[in-house]
Amino acid sequence: MRLRNVKGSREKIAENDFVIHNPEKMKGKWKEVFGNDNPIHIEVGMGKGRFLMELSNQNPDINYLGIEKYSSVLIRAIEKRQETELSNLFFIRMDAEDINEVFAEGEIDRIYLNFSDPWPKDRHAKRRLTSHQFLERYDKFLKKDGVLIFKTDNKALFDFSLEEVPVAGWKLENHTYDLHHSEYNEGNVMTEYEEKFSSMGNPICRMVISR
Ligand code: SAM
């Protein structure tokens, strides 16, 4: 993603009520943030938050948390969030490398990864959000029967991710190299990148994995 510095975004985020500041203090207590016992789904690397905005609108009985590393991107999600009446969507600004400091065992019901950065150099493989190192992090807080759903148009990243599933001790529930023309497309909510890449003719790959 091309990043443009957005002037004042850090300051605006610091005083925004839709962003959970010091998220590590909420570890094991995320239900308190939402004030109910509904399941919690997260998107890691949510970008401008369009996907989560639509899901949280469609599913008021599910709570959503969007994680994004960059203030200049998160600020765009906050701006859109401010135009809604949603009470089931909050954001966290952090690097997902530290995700185990934020969520406790069994606290999260579902993980979405959409169009994650490919990190094409082999020596950066462990930074990919579907690497076995990241799957091992997710394993510590995803509920036992929870699933991780990953979409991308990047076939090399998708094939790498398929290989990482058994390495990390996870199971492949289903996968497709062409989501939009598959049996799994019904109810699919498009992300910002999905819309962009599928309109260029790129097929969208998707996998659902569990333990
Ligand atoms: N998920 C969105 C979509 O599908 O439209 C955005 C995709 S964009 C290519 C990837 C996003 O993930 C970027 O906004 C990037 O800043 C964020 N990201 C990448 N690595 C991250 C990390 N380690 N922790 C948190 N966010 C990360």
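Residues of the range 158-178 with the amide nitrogen closer than 20 Å to a label point 7 Å from the Cα of ALA125, along Cα-to-Cβ, please.
Label zone hits: 158-172.
When DSSP beta bridges are limited to those with both residues in the range 38-210, what percentage is antiparallel, rounded to the nearest 5?
35
Rounded to the nearest 500 deg cm²/dmol, what is the calculated helix-only ellipticity per residue at 222 nm for the chain, with -39500 (n - 2.57) per DSSP H run of length n ≥ 4?
Helix-only estimate at 222 nm: -8000 deg cm²/dmol.
Measuring with a 1.4 Å probe in the full set of protein chains, what accessible area per residue, in whole Å², belongs to the chain?
Accessible area per residue, the chain: 52 Å².
Under a plain spin-label model, where a point goes 7 Å from the Cα along Cα-to-Cβ, how far apart in nm are ASP145 and ALA104?
2.2
If you stretched the chain out fully between GLU54 and ASN202, how much longer would it get, using 0.36 nm times the residue separation minus the C-alpha to C-alpha distance?
Answer, rounded to one decimal: 51.0 nm.
Ignoring the sites themselves, what is the longest stretch of the chain with no GluC sites (Glu not before Pro) in a DSSP loop and at most 16 other beta-carbon atoms within 10 Å?
106-185
Placing unit charges on C-beta atoms (Lys and Arg positive, Asp and Glu negative, everything else neutral), compute the dipole magnitude of the range 38-210 about its Cα centre in debye, rounded to 20.
The calculated dipole for the range 38-210 is roughly 440 debye.
Taking the Cα atoms of the chain alone, what are Rg (to one decimal) and Dmax (as a whole number) in Å?
For the chain, the Cα radius of gyration and maximum Cα-Cα distance read 16.4, 45 Å.
On a 29 Å Cα-Cα criterion, which of the cross-link pairs LYS29/LYS155; LYS25/LYS69; LYS80/LYS140; LYS27/LYS151; LYS27/LYS121; LYS27/LYS80 come out too long?
With Cα atoms farther than 29 Å apart: LYS29/LYS155; LYS80/LYS140; LYS27/LYS121.
With +1 on each Lys and Arg Cβ and -1 on each Asp and Glu Cβ, how big is the dipole of the range 1-134 about its Cα centre, in debye rounded to the nearest 20?
800
Mind checking which of TYR64, ILE209, SER199 is farthest towards the positive end of the chain's charge dipole, using Cβ charges of +1 (Lys, Arg) and -1 (Asp, Glu) about the Cα centre?
Farthest towards the positive pole: SER199.
Please identify every one of the trypsin sites (Lys or Arg not before Pro) in the range 49-113 that sits in a loop by DSSP and has no more than 14 other beta carbons within 10 Å of its own beta carbon.
none
So if I average 1/r over every pair of distinct C-alpha atoms in the range 98-148 and take the inverse, what Kirkwood radius in Å does that give?
Kirkwood hydrodynamic radius for the range 98-148: 11.7 Å.
Over the chain, what is the relative contact order in whole percent, taking alpha-carbon pairs under 8 Å and six or more residues apart?
Computed over the chain, the figure is 20 percent.
When the label point is put 7 Å from the Cα of GLU163 along its Cα-to-beta-carbon vector, which residues of the range 90-133 have a backbone N closer than 11 Å?
Label zone hits: 122.
Computing the accessible area with a 1.4 Å probe over protein heavy atoms, can you report the carbon and sulfur percentage for the chain?
46
Straight-line reach only, C-alpha to C-alpha below 17 angstrom: list the lysines that LYS144 could link to, leaving out same-chain residues fewer than 8 apart.
Correct list for LYS144: LYS171.
Name the trypsin sites (Lys or Arg not before Pro) in the range 119-152 that are in a loop by DSSP and that have at most 10 other C-beta atoms within 10 Å, would you?
LYS121
The values are calculated or read from the model by the stated rules, or taken from the named source; none is laboratory data. Treat the numbers as computed from the prediction; the structure is a model and nothing was measured. Neighbour counts run over all protein chains shown; Cβ positions are idealised from the backbone, glycine included. Calculation scope for accessible area: heavy atoms of the full protein, side chains included, ligands and nucleic acids excluded. Shrake-Rupley method; radii C 1.70, N 1.55, O 1.52, S 1.80 Å.
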